[in-house]
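Below: the structure, in structure tokens.
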Amino acid sequence: MFPDVRLRRLRKGKIRNLVRETTLSVDDLVQPIFVDETIDSPVEFSSMPGIYKFPLSDVAKEAKEISELGIPAVILFGVPASKDAEGSSSWGEIDVIQEAVRRIKADLGDELVVITDICMCEYTNHGHCGIIDFETKEVLNDPTLEVLGKIAVSHARAGADMVAPSGMMDGMVEAIRQALDLNGFENIPIMSYAAKFSSSFYGPFREAADSGCCFGDRSTYQMDPANSNEALREVTLDVAEGADIIMVKPALSYLDIVYRVKTEFGMPTAAYNVSGEYSMIKAAAANGWIDEKKAVYESLISIKRAGADIIITYFAKDAARMLK
Ligand code: PBG
């Protein structure tokens, strides 16, 4: 007559808290910061309400605010004053990211983990993530590796705590590991964007970082959204090359990949809740179609449930305030 098992018994009131399987903590979060060398006051992105690019003069203040919310880490993206075909404004001693790292570290020291994104797309005038053969319009893998090593060393010299290569070149982790070790930075960890898919959800970021491609797209180096086994091969390689943390990107449409990567490798695993995922929630909430706070919590807890230890998200500050 009566159901013996009633799962609803544990769904009431605070009992619900007792049986919660996954928790979200401020310690899981990484806030991205955009630093733009060409501006002198913060500029909000039209496609990402609430997200700004900061001039160098304001970056330490922003980092402090993030740190005071309890968020342990930031990841930095740079918009340089000048771009060329070789992305040569990415590895200089006083380029935008190197300066930003120095300013944040001078103010905050070890209070905040400063991670830097290592990629050429924000620094090249063609917007691709590497050196181009202009005849074939191809991104050249091996010549790009050398540049990535140089960028990583310059970030480490400026004081970065961790580097995160995002360009999906084959061998990028090994090239960066060797360059760092050769220069005395053997203790700087690498968080590799190991399984980065060629995704439409990066749209707002490309507007924000002014890093769109002027010809072709990134599908010759970023992964096909249809593939899952290939993501595991990417991770296998990056782990063998010395990656310390493995990232899956984007997050929400790729939770199966997060789950497989976490279960098969047991590595510290990060997921990047990307710009488009942010903008969609913001746009729907602005229209009154969804409850923003609930949608943010549900997204982030789902990413945790899938197996991520670290979530890079534009909602980090909002989530930190919610969790307080
Ligand atoms: C650089 C890079 C991108 C993102 C992070 N690093 C852009 C891209 O590959 O086009 C995307 C982040 C986001 O959409 O939030 N290669």
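Nothing in this text is a laboratory measurement; each read-out follows from the coordinates by a stated rule. Keep in mind that this is a model prediction, so the values were computed, not measured. Don't worry about glycine lacking a Cβ; one is built from the backbone with ideal geometry, like all the others, and counts go over all protein chains shown.
Remarks
- If the condition is being touching a helix residue (DSSP H, G or I) at 6+ places or on another chain (Cβ under 6 Å) and surrounded by fewer than 20 Cβ atoms within 10 Å (Cβ to Cβ), then region 233-251 contributes 241, 242.
- Members of region 270-324 that are assigned to a strand (DSSP E or B) and of a type outside the set (A, V, I, L, M, F, W, C): 272, 273, 313
- Scanning region 1-47 for residues that are assigned to a helix (DSSP H, G or I) and in contact (Cβ under 8 Å) with a residue 60 or more places away in the chain, we see that the one that is surrounded by the fewest Cβ atoms within 10 Å (Cβ to Cβ) is 26.
- Hits in region 102-123 - residues which are more than 28 Å from residue 85 (Cα to Cα) and either small (Gly, Ala, Ser) or within 11 Å of the ligand (Cβ to nearest atom) (or both): 106, 109
- Within the option set 153, 173, 163, 239, being more than 23 Å from residue 309 (Cβ to Cβ) and hydrophobic (A, V, I, L, M, F, W, C) holds for one residue only, 153.
- With respect to the conditions (1) surrounded by 21 or more Cβ atoms within 10 Å (Cβ to Cβ); (2) in contact with a strand residue (DSSP E or B) (Cβ under 7 Å, 6 or more places away or on another chain); (3) under 17 Å from residue 89 (Cα atoms), residue 158 falls short on a single one, namely (2).
- Which numbered condition residue 302 misses (of (1) more than 16 Å from the ligand (Cβ to nearest atom); (2) free of Cβ contacts under 8 Å to residues at least 24 places away in the same chain): (2)
- Between 142, 117, 133, the distinction of being closer than 24 Å to residue 245 by Cβ and either touching a strand residue (DSSP E or B) at 6+ places or on another chain (Cβ under 9 Å) or surrounded by fewer than 18 Cβ atoms within 10 Å (Cβ to Cβ) (or both) belongs to 117 only.
Condition check ((1) polar (S, T, N, Q); (2) touching a residue at least 12 places away in the same chain (Cβ under 8 Å)) across all residues:
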| site | (1), (2) |
| --- | --- |
| 281 | no, yes |
| 287 | yes, no |
| 290 | no, no |
| 297 | no, yes |
| 314 | no, yes |
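- Taking the numbered list (1) within 25 Å of residue 31 (Cα to Cα); (2) within 16 Å of the ligand (Cβ to nearest atom) in turn, residue 126 passes all entries but (1).
- Subset of region 120-140 [of a type outside the set (Ser, Thr, Tyr) and under 23 Å from the mean Cα position of the chain (by Cα)]: 120, 121, 122, 125, 126, 127, 128, 129, 130, 131, 139
- Among residues of region 1-43, those that are within 19 Å of the chain's Cα centre (by Cα) and closer than 24 Å to residue 82 by Cα, counted: 5
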